[in-house]
Amino acid sequence: MQEVFNKNFHTIEKVEPGKGNRKRMYILDTWIPDQDIWIIGCAIGLLCCKADNYEIYLAVSRNPELEPSKFLVGLKRDWIFYQQRDVYAYSTGINDLVSYQWLPTNSGVLVKKGEPIYIKVGAVNLMINALEYDAFCNIYYTLAEPNEKDPEK
């Protein structure tokens with residue numbers, strides 16, 4: 001049985017109200033593994049206070065691009081894992097706040113040593129007040145054996 005490791009990324013940020021400030025999209029972090037790994041799953045959490053019109057996004061991606069910015073489309077480019085939370089009502093439970101995403105048994109996404117993985121975050125505030133949000137992800141992976149090959153190649 002292979003050991004499963006995890007890598008955590010987290011931020012607490014604010015999106016101001018107003019026409020020019022109501023949307024924010026950025027790369028939270030870039031992870032460059034120091035050896036070949038297989039990504040096998042991810043937990044993504046998107047938390048904020050109840051609001052009438054607020055959206056939070058997080059993507060684990062191979063692509064650093066953030067354009068086009070309209071509708072935060074750049075955030076969704078070449079994603080491995082993705083989660084979006086549209087906050088229009090109070091949470092109905094943990095599944096509204098945290099998503100656990102696992103790839104099927106004996107599969108994974110091969111990431112070669114030195115290949116970057118980007119953690120991208122986006123938020124939209126259509127309210128009249130500033131709102132804070134908490135976005136995090138925990139990537140689960142195993143170490144690749146030196147003789148393993150990408151099954152897609």
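Here, each number is a calculation from the coordinates, and none is a lab measurement. Owing to the predicted nature of the structure, the values given are computational and were not obtained by experimental measurement. Glycine also receives a Cβ, built like all others from the backbone with ideal geometry; neighbour counts cover every protein chain displayed.
Rank C49, I94, P64 by how far each Cα sits towards the positive end of the charge dipole of the stretch 22-143 (+1 on Lys, Arg Cβ; -1 on Asp, Glu Cβ) and give me just the farthest.
Value computed over the given set: P64.
In the stretch 22-143, if the dipole is taken from +1 on Lys/Arg beta carbons and -1 on Asp/Glu beta carbons about the Cα centre, which of Q35, Y141, V111 is farthest to the positive end?
It is V111.
What FRET efficiency comes out for C49 versus T92 if R0 is 22 angstrom and r is the Cβ-Cβ distance? Round to the nearest 0.05.
According to the calculation, E is roughly 0.90.
What percentage of all Cα-Cα pairs in the stretch 22-143 are separated by more than 17 Å?
57
For every helix of n ≥ 4 consecutive DSSP H residues, a contribution of -39,500 (n - 2.57) applies; sum these over the chain, divide by its total residues, and give [θ] at 222 nm rounded to the nearest 500 deg cm²/dmol.
-500 deg cm²/dmol
Can you give me the distance in nm between label points at N8 and N63, each placed 7 Å from the Cα along the Cα-to-Cβ direction?
With each label placed 7 Å out from Cα toward Cβ, I get 3.1 nm.
Which ordering of T30, T11, T105 is given by a fewest-first count of other beta-carbon atoms within 10 Å?
T105, T30, T11
Placing unit charges on C-beta atoms (Lys and Arg positive, Asp and Glu negative, everything else neutral), compute the dipole magnitude of the chain about its Cα centre in debye, rounded to 20.
It comes to approximately 480 debye.
What's the longest uninterrupted piece of the chain once you rule out the GluC sites (Glu not before Pro) that are loop residues per DSSP with at most 16 other Cβ within 10 Å?
Result for the longest clean stretch: 66-147.
Which length gain, in nm to one decimal place, applies between D29 and D134 when the Cα-Cα distance is subtracted from 0.36 nm times their residue separation?
Length gained, D29 through D134: 36.3 nm.
At most 11 other Cβ atoms within 10 Å plus a DSSP loop assignment makes a site exposed; report the longest stretch of the chain without any exposed chymotrypsin sites (Phe, Trp or Tyr not before Pro).
The answer is 1-87.
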